[in-house]
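S.K.: Just dropping this structure here.
The values are calculated or read from the model by the stated rules, or taken from the named source; none is laboratory data. The shown structure was predicted, so the numbers you read here are calculated from the model rather than taken from an experiment. Cβ coordinates were reconstructed from backbone atoms using ideal geometry, including for glycine residues, and neighbour counts include every protein chain displayed.
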Amino acid sequence: MYSFLMTIMIGAFFGYLFTRLKIPGGMMVGSIVAVSTFNITTGIAYMPTMGRIAAQVIAGAFIGIGVEKSDLMRLKFIFKPAIVLISGMMILNIVSGLLIYQFSPLDSVTALMCAVPGGMSDIPIISGDMGADASKVAVMQFLRLVTGIGVFPAAIARIARDQGDGKADKEEAYERVASSTKDMQSFGMTIIVASAFGFLGKSIGITAGTLILSMISVITLKLLTGKAWMPRWVRRFAQVLAGAYIGCNVQYADILEMKFLVIPAIILISGYSLACIIIGLFLHKKFNMPMKEAMLIATPAGASDMALIASDIGVESADVIVLQVIRMIVVVSIFPQIVHMIVKIVG
């Protein structure tokens, strides 16, 4: 119990510190760095299996509460762009993952999970369940997040300006209608439903089953009742748990092996950059989307990040957020299954 409490306290403190320093994914990154250091120097860092499961349940629930009824109504207008986006991301994942596997010492499952365009809070812990090196996946996901938030928006604004991007005509203005139910009853119901179905997902043995069923159950709860909500601190606690779980498995030898991530990082950033341009151009040409909007949709960052970034560079479109939410749902539920099948083939 002492080791567990120390691990949580250290992870939470440094997670909070990294968040205050405005580091992307600060809660999880700070927890990973601090607990890894604690584990390497003392050898007593400890996180029970239940901590990992709880992190997955909460991560799935948070994706679920991000879905709105109005998003479903909008699907008929953005269904085709969504297919293009998901297909492009899937090709990117497979090609980049196989290139990383070919040109680095990483095993196949780690290489492919490094290239999954998912979330910093979700993919590393799913990777651990699949037998990948979660610490390396976390580093690559952090790099994806930093690039998506810190580099891509400025580059997109520049490219769009050079292209003479203008506003495309829209059939109708669309605004997301957010749920206003934020009370402890909704929170309690969300936790109960997510936990029940998360444990069901764990028991039936499908890849990432805990997170997937937690997410699907909360989406269903929200769409049927409108009463699905979780406060922000719960997500941050889950990020601390996930970071601590990863950190507990980091050894000194793993730190030395981080040098092998240089080539994978180059492959990953090059792949995401190329995909952003190609997918963005296709969406722009085929569906008459403004260039900035199209490229933001293809940017490897989260829906909440995109909401802030879009307004910063002059894009006022809820479709960016909706398509990012769709991407996240599909990526965490389907991509790990595809990776699992490819690993069986590749070996």
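S.K.: Say whether the condition of being over 30 Å from ILE8 (Cα atoms) and touching a Gly at 6+ places or on another chain (Cβ under 8 Å) is met by at least one residue in the stretch 104-119.
M.R.: yes
S.K.: Would the stretch 308-319 turn up any residue that is under 18 Å from the mean Cα position of the chain (by Cα), of a type in the set (Val, Ile, Thr) and at pLDDT 85 or above?
M.R.: No, that holds for no residue.
S.K.: Just the residues that are surrounded by fewer than 14 Cβ atoms within 10 Å (Cβ to Cβ) and assigned to a helix (DSSP H, G or I), please, taken from the stretch 10-22.
M.R.: Passing the criteria: only ARG20.
S.K.: From the list GLY226, GLY243, GLY247, pick out the single residue that is of a type outside the set (A, V, I, L, M) and either free of Cβ contacts under 8 Å to residues at least 60 places away in the same chain or over 24 Å from PRO24 (Cβ atoms) (or both).
M.R.: The unique qualifying residue is GLY226.
S.K.: Can we say ILE94 is farther than 13 Å from ILE338 by Cα and either touching a His at 6+ places or on another chain (Cβ under 7 Å) or part of a helix (DSSP H, G or I) (or both)? If you could, list the steps in order and put the result at the bottom.
M.R.: On the way: farther than 13 Å from ILE338 by Cα: no; either touching a His at 6+ places or on another chain (Cβ under 7 Å) or part of a helix (DSSP H, G or I) (or both): yes.
No; evaluated as a whole, the condition is false for this residue.
S.K.: Here is a further query. Among the residues of the stretch 69-91, are any at pLDDT 95 or above and part of a loop (DSSP other than H, G, I, E, B)?
M.R.: No: zero hits.
S.K.: Do you know which residues across the stretch 226-235 are farther than 11 Å from PHE62 by Cα and touching a helix residue (DSSP H, G or I) at 6+ places or on another chain (Cβ under 8 Å)?
M.R.: First, pick out the residues of the stretch 226-235 that are farther than 11 Å from PHE62 by Cα: 226-227, 233.
Of everything in the stretch 226-235, those that are farther than 11 Å from PHE62 by Cα and touching a helix residue (DSSP H, G or I) at 6+ places or on another chain (Cβ under 8 Å) turn out to be GLY226, LYS227.
S.K.: What tally of residues in the stretch 123-159 results from selecting those that are assigned to a helix (DSSP H, G or I), under 13 Å from ASN249 (Cα atoms) and of a type in the set (D, E, K, R)?
M.R.: Number of matching residues: 2.
S.K.: May I pose another question? Whether any residue in the stretch 175-183 is buried (at least 16 other Cβ atoms within 10 Å of the Cβ), in a helix (DSSP H, G or I) and either in contact with a Cys (Cβ under 8 Å, 6 or more places away or on another chain) or modelled with pLDDT under 95 (or both) is what I want to check.
M.R.: no
S.K.: While we're here: Only one of these is over 21 Å from the mean Cα position of the chain (by Cα), more than 15 Å from TYR245 (Cα to Cα) and either at pLDDT 90 or above or among the acidic types (Asp, Glu) (or both): TYR101, TYR46, TYR16, TYR2. Name it.
M.R.: Unique residue meeting the criteria: TYR101.
S.K.: Report, ordered by the first and then the second residue, all pairs with beta carbons closer than 6 Å, sequence separation of six or more or different chains, a first member in the stretch 96-109 that is surrounded by fewer than 24 Cβ atoms within 10 Å (Cβ to Cβ), and a second member that is at pLDDT below 95 and among the aromatic types (Phe, Trp, Tyr).
M.R.: SER104/PHE260; PRO105/PHE260
S.K.: Would you please list the contacts, defined by Cβ atoms under 6 Å and residues six or more apart or on different chains, that run from a residue in the stretch 319-344 that is assigned to a helix (DSSP H, G or I) to a residue that is of a type in the set (Ser, Thr, Tyr) and at pLDDT below 95?
M.R.: Short answer, once both residue conditions are applied: PRO336/THR207; GLN337/THR207; HIS340/THR207.
S.K.: Are there any pairs with C-beta distances below 7 angstrom linking a residue in the stretch 275-303 that is buried (at least 24 other Cβ atoms within 10 Å of the Cβ) to a residue that is among the aromatic types (Phe, Trp, Tyr) and at pLDDT below 90, with the two at least 6 apart or on different chains, and if so which?
M.R.: CYS276/PHE152; THR299/PHE152
S.K.: Also, I was wondering about something else. From the list ALA115, ALA82, ALA61, which one is crowded, with 24+ Cβ neighbours inside 10 Å and farther than 19 Å from PHE142 by Cα?
M.R.: Being crowded, with 24+ Cβ neighbours inside 10 Å and farther than 19 Å from PHE142 by Cα holds for just one of ALA115, ALA82, ALA61, which is ALA61.
S.K.: Separate question: Can you work out which of the residues in the stretch 70-79 that are surrounded by fewer than 17 Cβ atoms within 10 Å (Cβ to Cβ) and not charged (D, E, K, R) is nearest to ALA178 (Cα to Cα)?
M.R.: SER70
S.K.: Still on this model: Considering each residue of the stretch 29-55, count those that are surrounded by fewer than 21 Cβ atoms within 10 Å (Cβ to Cβ) and among the polar types (S, T, N, Q), and give that number.
M.R.: Adding up the residues that qualify gives 4.
S.K.: Sticking with this structure for a sec: Of all residues in the stretch 202-213 being over 15 Å from MET50 (Cβ atoms) and of a type in the set (Gly, Ala, Ser), which is modelled with the lowest pLDDT?
M.R.: Only one residue tops the list, namely GLY205.
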